[in-house]
Every structure is written in structure tokens, then in C-alpha cells.
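The values are calculated or read from the model by the stated rules, or taken from the named source; none is laboratory data. Remember, predicted model here, so these are calculated numbers, not experimental data. With ideal geometry, Cβ positions are generated from the backbone for all residues, glycine too; neighbour counts draw on all protein chains shown.
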Amino acid sequence: MITLQWLDYAIIVTFFAVTLGIGIYVSKSSGRSSSDFFLSGRSMPWWLLGISMVATTFSTDTPNLVTDIVRTNGVAGNWVWWAFLLTGLLTVFIYARLWRRSNVNTDLEFYELRYGGAPARFLRRFRAIYLGVVFNVITMSAVTLAAIKIGGIMLGLEPWQTVLIAGMVTVIFSAIGGFKGVVYTDFILFFVAMGGTIGAAYYLVNIPEVGGLETLFSNPNVKHKLSMVPDFDNTDALITLIIIPLAVQWWSSWYPGSEPGGGGYIAQRMLSAKNAKHAIAATFFFNIMHYAVRPWPWILVALASIVVFPDLESLQQAFPIISDDKLGHDLAFSAMLTKLPSGLMGLVLTSLVAAYMSTISTQLNWGSSYIVYDFYKERVDPNASEKRLVMVGRLSTVGLMVLSAALALLLQNALQLFEILLVFGAGTGLIFILRWFWWRINAWSEITAMFASGILSLVLKLTPLGDYLFGVDHGMLPSWSEYPMVVLTTTVLWLTATYVSPPESREVLYGFCKKIGPGGPGWETIVRKGRTEGIDLDIGKQWSVPSGILAMLLGTILIYSCLFAVGHWIYGEWLLAGSLTVLAVGSGVSLMLTWKRIEKIIK
């Protein structure tokens with residue numbers, strides 16, 4: 001446990017005062033209507049939204065998760081989330097424009113734009129609870145669990161004390177400030193969080209126990225953790241850490257913040273942008289910062305922690321106050337932060353608080369928007385006034401915070417929850433990608449995928465029946481086969497449901513074509529039927545998706561080159577770092593030229 005000095009307290013108190021002040025300042029304008037409370041009147045610029053996305057994913061559980069991954073599987077283990085870059089760039093160059101054109105209030109409202117009848121209404125309302133409450137609460141509980149561990153190690157707080165203090169401040173701010181308050185404060189939270197993380201990494205790598213970068217990288221416990229790709233001689237690691245994420249996971253799994261086809265709070269920010277160009281720029285900026293810039297300070301702290309706390313036993317001995325049910329490798333990040341000096345300690349604690357508040361406030365506002373628009377207004381009170389909708393939004397914000405805090409007290413580590421969420425959405429992602437461009441997908445496709453994926457993941461994770469179904473523990477199938485089997489099973493089931501159920505009505509499909517203009521071979525059948533009925537669907541213009549995919553690939557090369565160039569510069573491998581930097585510049589120039597062609601197509 002650390003002892004804070006007056007400077008630390010001054011930094012923390014000033015931060016709380018500023019953020020709460022912003023929340024109070026914008027509360028009046030945020031409360032004017034539900035659109036202002038959840039979308040800030042669709043007037044947000046790209047740079048503010050992009051920073052907000054980065055700040056939201058800069059949560060307290062993320063450095064804990066990265067630390068757990070690095071200590072367990074080395075730097076290469078991060079491919080389990082690095083692979084989601086492909087998902088993010090697909091959203092940037094293909095789906096951001098489509099989402100902004102839809103002009104819906106939430107991404108769940110899309111269901112009644114794309115599908116029709118009772119199945120569409122059920123899907124919208126059910127997912128409002130399924131995602132807005134269940135999934136959202138699980139995600140927030142992971143962030144709160146990280147806060148519990150940080151509070152326990154750094155300040156000696158009991159779990160309930162951390163939950164009460166952190167939760168109360170955040171829920172007050174979120175309930176009064178709405179989306180505008182979230183985005184405005186995210187701008188401050190981002191710079192505080194980045195400054196604290198970089199400062200902590202620089203200081204901790206140079207403490208006497210670690211001895212600087214050169215000594216760190218030559219440490220026998222660290223050397224085998226440095227590679228950015230798995231050992232090709234270790235087949236299981238290669239398949240688990242890089243092949244499955246790059247070949248299957250990025251397009252097949254629905255994961256908060258990395259939804260195939262866009263969705264969740266990323267869609268909320270795209271929908272709140274001034275126009276489609278601002279939505280595209282915001283999401284691209286987010287992906288650059290999230291993958292290319294931010295990971296290395298966390299990785300360096302994780303590597304340094306291996307020197308100071310080489311195993312769980314050393315962590316337990318250093319922090320006996322931590323109970324066995326909260327002991328995990330993710331604790332090492334918080335443990336390293338206890339070695340910071342006064343001033344920097346205050347800044348880092350403030351950055352952690354900032355990361356927590358940013359993520360939780362976004363999740364609360366996003367989840368509440370589902371409850372208000374997609375459940376309460378649709379099912380409970382269709383004629384509710386704007387004032388009542390804002391009130392329901394604020395009450396649901398408080399309720400979500402209470403549920404997530406209660407669940408956080410029952411969890412053990414961040415990686416455990418990440419894996420559950422990953423499998424829980426396995427197999428659904430392909431629908432979210434294809435539903436924009438294939439007319440035959442209907443509401444029953446999504447309903448089948450949602451229930452199949454959820455039931456399979458629960459069976460695998462929570463019951464011994466999963467071992468007998470897939471034979472993982474009995475030598476019938478390798479351990480890495482669990483995720484692909486869930487994806488395959490879910491995909492077969494939803495494709496079957498698609499073909500045995502009737503397609504959506506022509507009126508629904510015609511309306512979607514007119515509003516969105518998706519184009520491509522997947523809608524040719526509907527375009528032809530429309531022509532026979534004298535209906536011009538106005539999607540005969542050149543299809544931009546092939547160019548969008550090319551832009552996605554070039555963007556992937558650009559960002560991965562930046563990510564690994566930074567790593568090799570840190571490692572002192574100058575030739576490889578320089579080569580990757582040149583590759584990043586070349587791919588960046590190619591991307592700019594490609595994007596200019598796309599703009600001509602979509603005008």
C-alpha cells in the first residue's frame with residue numbers, strides 16, 4: 001500500500017473538480033431532449049469523437065489485461081486483440097458511411113430498418129436488454145474489477161470501498177452530463193491517461209530493480225517474452241495466438257468496441273458525427289491511436305513486472321491483503337505502480353481514475369440509450385415525452401452501475417472475462433458484416449445466431465457437458481479448437497435458418513435499398529424485382545466496397561507497420577525498425593490515393 005502526499009491529492013482533487021464541473025456545465029443542454037442526452041444533437045466533430053473512442057477503450061482493465069497476456073503468453077499474446085484492427089478498419093472504410101446514412105438513434109434501431117414484422121421488433125427489444133444490460137454489465141464489471149485490484153494494492157481499499165467511491169463519482173457525472181458530458185470530458189481524460197501511462201512506463205523501466213531497457217531485455221525471464229509473433233515451432237501457440245485471431249476471430253466475434261460491421265458505442269459516436277466524413281475520420285483516428293500508439297507503455301510495464309514479480313507467489317507475498325479469489329497475473333500492473341514517486345503517483349492514479357470514468361460513463365450512456373430507445377419507448381411508453389425519456393435514461397444509468405458493481409465483486413481476473421465475452425459472441429460477426437450487402441439475411445438469421453452462440457458458450461464455459469461435446473479434455477480435439485467449433489456450429493445454424501425461413505418483405509427490402517444504397521451483387525435480385533415493378537432503387541452507381549477493402553488492407557499494413565516499428569525502435573533493432581517505418585510511410589501514401597478514388601465513387 002502506498003502513502004499519498006499533498007501533491008498527489010491536489011492532482012486527483014483538481015481532476016475530479018474539472019470533470020464534475022464539465023458534467024454540471026453541459027447538464028442543462030444534455031437534458032433538453034433524448035437526442036441531446038444520447039447523441040449530442042448529431043453535431044460532433046471527428047477529432048473529438050476519435051479521442052472519445054480512444055479514451056473509452058483506455059479503461060482500467062485494459063492495462064491489466066495486457067499485463068496478464070504478456071506475463072502469460074509474451075508480447076505475441078496480444079494478437080488476441082491486435083487482430084481486431086481488421087474489424088475496425090472494415091468499419092472505417094465501408095460501414096461508417098452506411099451507419100451515418102441510416103440516421104438511426106441507436107444501432108439496434110437498424111433492425112426495424114433492415115427487417116420487418118414481429119421478428120424485427122423482438123430482435124430489437126431483446127437485444128436492448130441482452131446487450132444494453134447483460135453484455136454491458138459484464139463489460140463494466142471487468143473495468144470495475146480492475147479498479148478493485150488497483151484500489152486494493154495501491155491504497156489498501158476493500159473491494160466494496162473502491163466500488164462505492166469510483167462508482168458514485170462516475171454515475172453522478174454520467175447521469176447529469178449525458179453524451180455531451182462524456183465526450184467533452186473524454187478529451188481531458190485521454191491526455192491525462194496517456195501522460196500518466198507514458199510517465200509510469202518510463203519511470204518503472206528505470207527503477208533499480210529493472211535497470212533500464214537494455215538490462216530488462218537481457219533478463220532471462222523476459223528474453224523469451226519479447227517476440228511480437230509466436231514461436232513457429234510451437235504449433236498450439238501459433239494457432240491460438242495468431243492464426244485463429246487473424247483467420248477467424250476478427251470477423252466472427254462480436255466484442256464490445258470491435259463489432260464486425262460497426263456497432264455499440266462506436267456506432268453511437270458515428271451516429272453523433274456531423275456527417276459521414278466526420279464519422280469516417282473519427283473511426284480511423286481511433287484505430288491508429290488504439291493499435292499503433294497506445295500499447296507499448298503497457299507492454300513495457302508488463303515486461304518490467306516479470307523482473308520484479310516473476311510469479312504469482314511473489315505477488316502474494318508482496319501484497320498479502322489481496323484475497324486468493326482476486327489473485328492473478330493482472331495484479332502485476334497495479335503492483336508496479338506502487339513504486340512510483342509522489343507527484344507521478346498522483347498523475348498515474350488520476351490517469352487510472354480517468355480511464356475508469358471514461359469507459360464506464362460511455363458504457364452507461366450507451367447501454368441506457370438501448371433501454372430508452374429500443375425497449376422503453378418501443379414497448380413501455382411509445383408516446384413518452386422527451387423529458388420522461390431523459391429521466392428514464394438517468395435512472396437506467398444508475399441501475400446499470402449498481403448491477404455491474406455487484407458482479408465485479410464476484411469476479412477474479414480480466415483475462416477470464418475477456419475469454420468469456422469472446423466466445424459468447426462467436427459466430428455472430430459474419431451476419432453483422434453481410435446483412436448490409438446480402439438481401440437474403442433476415443431477422444431469423446440473427447435470432448438463431450444470437451441464441452446458438454450464447455447457449456454454446458455457456459455450455460462450454462460453465463458446464464462439463466462442453467468437454468463431452470467437443471472432446472477437448474479427452475484428446476478428441478486440440479485445446480485451440482473450442483472457438484472455431486463454436487463459430488462453425490453457429491454459422492451452420494444461422495445459414496440453415498436463413499434458407500428455411502421466408503425472406504423479408506419486398507417493401508422492407510425496397511425501403512432499405514432506397515435509404516442506404518448498399519449496392520453490390522448481393523442486392524441484384526431485389527434491384528431486378530424493383531425494376532419489374534417500376535421502382536427505381538437508385539443503387540446503380542459504382543460499388544465502392546472493393547475499393548474500401550483495398551483501403552482496409554492498406555490501412556492494416558500502415559497501422560501494423562507503425563505498431564511494430566515502435567516496438568523495434570524500443571528494442572534497439574534499428575534496421576528492422578527503419579524498414580517498418582518506410583513501409584508505414586509507403587502504405588500511408590497509397591492509402592491516401594485510394595481514399596481519393598473512393599470519395600469520387602461515393603459522391
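Odds and ends about this structure:
- Taking the criterion of being closer than 16 Å to I441 by Cβ and touching a Leu at 6+ places or on another chain (Cβ under 6 Å), the only residue of the stretch 517-530 that qualifies is I526.
- Options T106, T72, T139: the member that is in contact (Cβ under 8 Å) with a residue 60 or more places away in the chain, of a type in the set (V, I, T) and in contact with a His (Cβ under 9 Å, 6 or more places away or on another chain): T72
- Qualifying residue in the stretch 288-309 (condition: more than 21 Å from the chain's Cα centre (by Cα) and surrounded by fewer than 21 Cβ atoms within 10 Å (Cβ to Cβ)): yes
- Within the stretch 179-238, considering residues that are in contact with a Pro (Cβ under 6 Å, 6 or more places away or on another chain) and modelled with pLDDT of 80 or more, the one farthest from V348 (Cα to Cα): N221
- Wholly within the stretch 80-182, helices (runs of 4 or more DSSP H) carrying at least 3 residues that are of a type in the set (G, A, S): 117-129, 136-155
- Neighbours by Cβ (under 6 Å, 6+ apart or cross-chain): first from the stretch 429-451, on the phi > 0 side of the Ramachandran plot and touching a residue at least 40 places away in the same chain (Cβ under 8 Å); second in a loop (DSSP other than H, G, I, E, B) and hydrophobic (A, V, I, L, M, F, W, C): none
- All positions within the stretch 310-325 that are in contact (Cβ under 8 Å) with a residue 60 or more places away in the chain, surrounded by fewer than 19 Cβ atoms within 10 Å (Cβ to Cβ) and not β-branched (V, I, T): P310, D325
- Within the stretch 236-280, the set of residues being within 20 Å of I138 (Cα to Cα) and of a type in the set (A, V, I, L, M) comprises I266, A267.
- As for the stretch 590-601, it holds at least one residue that is touching a helix residue (DSSP H, G or I) at 6+ places or on another chain (Cβ under 6 Å), at pLDDT 90 or above and surrounded by 15 or more Cβ atoms within 10 Å (Cβ to Cβ).
- Matching residues in the stretch 152-177 - criterion: being among the small types (G, A, S) and either closer than 27 Å to L327 by Cβ or without any contact (Cβ under 8 Å) to a residue 24 or more places away in the chain (or both): G152, G156, A166, G167
- Unique residue being of a type outside the set (S, T, Y), under 27 Å from D374 (Cα atoms) and at pLDDT 90 or above when the list is A55, A118, A96: A118
- Count of the stretch 113-142 residues which are within 18 Å of the chain's Cα centre (by Cα) and over 17 Å from A267 (Cβ atoms): 7
- Any chance V133 is on the phi < 0 side of the Ramachandran plot, modelled with pLDDT of 80 or more and surrounded by 24 or more Cβ atoms within 10 Å (Cβ to Cβ): no
- Pairs, first over 10 Å from V70 (Cα atoms) and in contact (Cβ under 8 Å) with a residue 60 or more places away in the chain in the stretch 290-309, second among the polar types (S, T, N, Q) and outside any helix (DSSP H, G or I), C-beta under 8 Å, six or more apart: V307/N219
- A single member of L563, L537, L553 is aliphatic (A, V, I, L, M), farther than 16 Å from T594 by Cα and either out of contact with any Gly (no Cβ under 9 Å at 6 or more places or on another chain) or at pLDDT 90 or above (or both), and it is L563.
- Scanning the stretch 320-342 for residues that are among the aliphatic types (A, V, I, L, M), assigned to a loop (DSSP other than H, G, I, E, B) and modelled with pLDDT of 80 or more gives a single hit, L340.
- Condition met for S501 (of a type in the set (S, T, Y), modelled with pLDDT of 90 or more and in contact with a helix residue (DSSP H, G or I) (Cβ under 6 Å, 6 or more places away or on another chain)): yes
- Summed over the stretch 253-282, the residues that are modelled with pLDDT of 80 or more and either surrounded by fewer than 23 Cβ atoms within 10 Å (Cβ to Cβ) or outside any loop (DSSP other than H, G, I, E, B) (or both) give a count of 16.
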